[in-house]
1. Using 7 Å Cα-to-Cβ label points, what is the Val170/Thr80 separation (nm, one decimal)?
2. For q values of 0.08, 0.11 Å⁻¹, compute log₁₀ I(q)/I(0) with the Debye formula on a Cα-only model of segment 35-263, without solvent.
3. From the P(r) of segment 161-227, can you give the percent of Cα pairs sitting at distances over 17 Å?
Amino acid sequence: MTQLTRFAVPAVVGALLLAGLGMAPAQASPAPSLAPVPSITAAEIADAQTVANFAATHPAPVVTSSDPATFAAESQAAVTYWKAAPVEALFGQYGCTVTGKSVGLQTGDDGVARATFSWKQTCPSGVDSSSIGLSVAPRAAALAEATRLSGASSLGGISPMYQVTNCSGVVSSGKHCIGMETTTGLHTFLYQWLGSGNISGHVRAGQGVLSGCSNGTFIANTPDVTLSNGQGTSLGAYIFVSTGFSNSFYTPAGTLRTRYCATM
């Protein structure tokens, strides 16, 4: 039985052999140029980095104490956090814009002052603003691109809080969503206009709705805004009680247009 012997050919000799056969030696492939993927813009990547950097240095506020004094202190800390939070970048990483950001304490009809924030968001066609969580967390795809382009092993390392959200169907050409973060006490109330033309009004958040669908006890509301198709207005409020909630959209004149209720 003939034994086959395998010989190693030096690279230089191999190149000469290929040249003699009229073949060019294989060249090392150039390093791929690093550029954003077409579906994610450079601005969105930069916004994701901004959000990741903020989240890495600013722990999300937790406002869950049932002790009034502690709750008041936690609420003030949440106000400070949201005043500094890069909300424009939070939505900018999805290609959206934010206007009318407002942060402060609102006192409900139960006499409790709560940390609240609100704004109006405008997103490009194909981006549903109701699907964007209101936690300060980077958009996963944009952050992955930022990580790839920077050559870093990771950026931010932020895990968004566990959030549950209930949304209505389209009710009179509008959509309501009520959300809650189970670990921070943050409750969110969103209204998105999906009809033609413009509509003006505000979101009113209520709690204590245990049967049917009614306003419940007033928690907070947004300023009046004018929305065109696809635009929405968001309201966040820190609440230490988990129960039934209402999300009502009122006209500037105070007329109820639509309402959605959910138990969180």
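Every read-out reported here was derived from the displayed coordinates using simple, explicitly stated rules and does not represent laboratory data. None of these values were measured; they are calculated from a predicted model. Quick reminder, even Gly has a Cβ in these numbers, built from the backbone with ideal geometry, and neighbours come from all protein chains shown.
1. In this crude spin-label approximation the distance works out to 4.5 nm.
2. Each listed q corresponds, in turn, to -0.29, -0.54.
3. Summing the P(r) of segment 161-227 above 17 Å gives 50 percent of all pairs.
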